[in-house]
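Shown next, in structure tokens, is the structure this report addresses.
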């Protein structure tokens, strides 16, 4: 695609002024959500798609902020004119979730009551809380029913939650590289990430951007988002310097890459948000209220489902997506499932891939 | 000409194992307003299903069908693909477990054209019903009508109906007299006997 074809986008804000009760029992005294939209809402308001972001994502899913802007949104590969989510056909809404650190109310916002930043006092939010706040945004935008709610990873969990919690408010759910709940190993990774933040002295002193702790959490995350093969292809055992120096400075390319990613991330991301997001992941278990029977939980759903997994994803392996698919089959729901060959691990869901793009495109296009 | 559609009642639930490009499920949806689900492993065919708006699951039948409940579909269809499975006998038992009624079609390897080719040419038969060379055929477990019916008997599977034809759907008197010799394709309606 030529540079001229790029979407120029601008974020907007939605303010909810009433008290908002959270799943934990705590309440927020109102909140703001920052969001972006791409494409045009049709007259019938039947072409709106909600995009839900993953752990470290935000509202800036596609396009650029100016012609000079070199860094497009995180899902720009898939959202845009004639892309998988075709902005010539659909009106796409992407927001930063509650508790985020890119403009929506979160730990970095000022608490009216104390007139200080929430910081660690920001209440724990869950996937259900997000979906409920997204539903308020839907009302604000006067959209009766989403054509689709779509997301990858933690975003896919939100799409699943939408289908359960507001069955009549969406026609199609697209659930990518997700799971019906985290595995023990997933929770274990999250706990190491949290401990690396919490044990950083800078964090305990009140720094919301502790480079060591948050950087370390990100480094760990990065390893789990890539497959061994893609890491090998990208970095191999290449050295940063000419030869081994028998020390603990950066020597291998992969070390340099991870440290750079960690340091960079910690500058822009709020450590409290990271803690919150990992907790939302850990707590997600919609089948819990039905004694673990996901098909019973899903019996309420009325939308069609597209479930996609990637064969090299070991953070949320294909088997986890199949759990969702099997539960949907048992619940007699309309579901299609693709298990796509891709070497990029969990991160595959962010990248271009013909099968993946065609599937999303056809699924959105087909009559309900 | 007889079609699988003729055995399927309106508004029923159909599982098509090896559904290809989704044509059968698409026809059934239009003609019989069925709700269908296809199983397929070929990426290109899955794409065609999605384009038609047919629900399709990427799954290898040879890896098992445990994810489908007992008698959870009104019909399970397996058209011209049981012979391409690694474990056709396992699949057959699964099909009758999942479907209240099952429709299975097979190419007949004991057809006279096959017999003549083998007898006179001394080569593996190639025909419009079995178009592949021996080295590139997906058909791992070819059988005759006799063979298939014997297996059904072994598994207590009742053959409710049988339709015989040539690959193009034509029927003939000869097939009625000597089915195992003259039919090219057999279509069976099966149920599990309790």
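The values are calculated or read from the model by the stated rules, or taken from the named source; none is laboratory data. Model, not experiment: these values are computed from the prediction. Note: ideal-geometry Cβ built from the backbone for every residue, glycine included; neighbour counts use all protein chains shown.
Could you tell me whether any residue of segment B:136-154 is farther than 23 Å from residue B:62 by Cα and not in a strand (DSSP E or B)? Yes, there is a match, as at least one residue in segment B:136-154 is farther than 23 Å from residue B:62 by Cα and not in a strand (DSSP E or B). Scan segment A:197-215 for residues that are touching a residue at least 12 places away in the same chain (Cβ under 8 Å), over 18 Å from residue A:122 (Cβ atoms) and assigned to a helix (DSSP H, G or I) and the total you get is 3.
Yes or no, residue by residue, for (1) within 9 Å of another protein chain (Cβ to nearest Cβ); (2) closer than 21 Å to residue A:186 by Cβ; (3) touching a helix residue (DSSP H, G or I) at 6+ places or on another chain (Cβ under 8 Å):
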residue	(1), (2), (3)
A:327	no, yes, yes
A:330	yes, no, yes
A:335	yes, no, yes
A:339	yes, yes, yes
A:347	no, yes, yes
A:351	no, no, no
A:355	yes, no, yes
A:358	yes, no, yes
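Here the strands (runs of 3 or more DSSP E) wholly within segment B:16-106 that include at least 1 residues being within 18 Å of the chain's Cα centre (by Cα) and either free of Cβ contacts under 8 Å to residues at least 12 places away in the same chain or closer than 26 Å to residue B:162 by Cβ (or both) are B:35-40, B:73-79. Residues in segment B:144-165 that are loosely packed, with under 12 Cβ neighbours inside 10 Å and touching a residue at least 40 places away in the same chain (Cβ under 8 Å): 1 in all. Collect the residues in segment A:98-137 that are out of contact with any helix residue (DSSP H, G or I) (no Cβ under 7 Å at 6 or more places or on another chain), assigned to a helix (DSSP H, G or I) and crowded, with 17+ Cβ neighbours inside 10 Å, keeping them in residue-number order. Of everything in segment A:98-137, those that are out of contact with any helix residue (DSSP H, G or I) (no Cβ under 7 Å at 6 or more places or on another chain), assigned to a helix (DSSP H, G or I) and crowded, with 17+ Cβ neighbours inside 10 Å turn out to be A:129, A:132, A:133, A:134. Going by what's in this entry, would residue A:149 be described as in contact with a helix residue (DSSP H, G or I) (Cβ under 9 Å, 6 or more places away or on another chain), under 21 Å from residue A:30 (Cα atoms) and either touching a residue at least 24 places away in the same chain (Cβ under 8 Å) or not assigned by TED's automatic domain parsing to the domain that holds residue A:204 (or both)? Criteria not met by residue A:149. Among the residues here, residue A:190 does not qualify as out of contact with any helix residue (DSSP H, G or I) (no Cβ under 9 Å at 6 or more places or on another chain), under 26 Å from residue A:344 (Cβ atoms) and modelled with pLDDT of 95 or more. Selection of segment A:75-92 for residues being assigned to a loop (DSSP other than H, G, I, E, B) and more than 24 Å from residue A:163 (Cα to Cα) yields A:76, A:77, A:81, A:82, A:83, A:88. Yes or no: segment A:303-312 includes at least one residue that is in contact with a strand residue (DSSP E or B) (Cβ under 7 Å, 6 or more places away or on another chain), farther than 30 Å from residue A:110 by Cβ and free of Cβ contacts under 8 Å to residues at least 60 places away in the same chain. Looking for residues that are in contact with a strand residue (DSSP E or B) (Cβ under 7 Å, 6 or more places away or on another chain), farther than 30 Å from residue A:110 by Cβ and free of Cβ contacts under 8 Å to residues at least 60 places away in the same chain, one finds at least one in segment A:303-312, hence yes.
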